[in-house]
1. What is the log10 of I(q)/I(0) for the chain, computed with the Debye formula using one identical point scatterer on each Cα and no solvent, at q = 0.06, 0.07, 0.08 Å⁻¹?
2. For residue 52 and residue 65 in the same chain, what is the full-extension length gain: residue separation times 0.36 nm, less their Cα-Cα distance, in nm?
3. Starting from 0.36 nm per residue, how many nanometres of slack lie between residue 227 and residue 5 once their C-alpha separation is accounted for?
4. Do you know the relative contact order of the chain, to the nearest whole percent, from alpha carbon pairs under 8 angstrom that are 6+ apart?
5. So how much slack lies between residue 317 and residue 215, counting 0.36 nm per residue of separation and subtracting their Cα-Cα distance, in nm?
6. Applying 1/(1 + (r/R0)^6) with R0 = 56 Å to the Cβ-Cβ distance of residue 267 and residue 192, what FRET efficiency is obtained, to the nearest 0.05?
7. Tell me, what is the percent relative contact order of the range 139-198, built from C-alpha pairs under 8 Å that lie six or more residues apart?
8. Taking θ = phi - 60°, what integer Hz values does the Karplus form 6.51 cos²θ - 1.76 cosθ + 1.60 yield along the range 34-39, in sequence order, with x for Gly and Pro?
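FYI, it's all coordinate maths here, none of it is from the lab. Because the structure is predicted, anything quoted here is derived from the model rather than measured. All Cβ positions, glycine included, derive from the backbone under ideal geometry; neighbour counts span all protein chains shown.
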Amino acid sequence: METMDLIARARAGDHNAFRDLVHGHSRELQVHCYRILGSLQDAEDALQETLVSAWRNLGGFSERSSLRTWLYKIATNRCLDMLRANSRRPRIAPPLPDVALPAPAGTGDPAWLEPYPDVLLDRCPGPEARYETTEAISMAFITALQLLPARQRAALVLRDVLGYHAAEVAEMLDATTESVQSALKRARATVDNHLADSSGPARRPGTAAEHRLVTRLTDALERADLDALIALLVTDVRLSMPPVMLEYRGIESARRALAAVTFRPGLTYRVIPTRANGQPAFGLYQADPHAGGHRAYALLIITAADDHITAITCFSTDVMPRFGLPRTLPETE
């Protein structure tokens, strides 16, 4: 009854009632948009446009579905409109670091890919969800989604992450159930192949093994000990650095890339642990010999299996404020 009252008041022009009506859905809608778009900045834009559209069209909400489902339909189609518009893709990658990089194994993650802070995550999959919550927000899963055509991407997220039935997905996408089932079959094959190749099964966060790995990696980074870091990697480790679209595969390739960029002689670091995409992450700060203290250098996200790292994704300092990480750290006493 409370929801019905809020709908009636919002339809009469009560902005506060509308805010209360959608407040409980906003965070999960933003995560939904992020999965489809791969970018937190784009997801924030899509969420705002979704709420504006919902406010303007609330009079047309027939209440045949739940308000949540109606909002998801608006958000999904807004994301598809953004992808069709191509206004944000492809982005121009920044120039490569002014160092001699080894030859990459191939093209890396999409230029628009961004991490998602764990503090913003909504962890409520639908009852029919095919992917576990942790896996469905991991960097490997988000990257895999970006390999799909837009409508396949939307169908898979709605069906296999949120747990909507195929007929409901078809209604949201203005498609037939048969076309949705066909799209899901192709999307699942692509995503599952990518996940099998990139990270192995999803793991529960916060385990003792993960804590040990975070401690060892932090120590290796702060001592600038490349050998200690390399000892934490699996043989076929994957190193990528969006928006620079390069990928390094294997321990020796990763060693050469890290030695050329991060572990150059004379560089020292401080590390601030955080979390992104359900995975351990690190704000990496480089010592500044001229100004003193340390300045932001990169955000690292690690994918782990047992006591070893299977992937490292390195993001530029542009994303660090999203995690509450400062641009500089003062000198320690």
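1. -0.24, -0.32, -0.42
2. Answer, rounded to one decimal: 2.7 nm.
3. Values: separation 222, 0.36 × 222 = 79.92 nm, distance 6.32 nm.
Extra length from residue 227 to residue 5 when fully extended: 73.6 nm.
4. Working: 530 pairs, mean separation 54.9, N = 333.
In percent, rounded to a whole number, it is 16.
5. Difference between extended and current length: 34.5 nm.
6. E(calc), rounded to 0.05, equals 0.90.
7. Details: 45 pairs, mean separation 26.7, N = 60.
RCO, the range 139-198: 45 percent.
8. Per-residue couplings from phi come out as 5, 4, 6, 9, x, 9 Hz.
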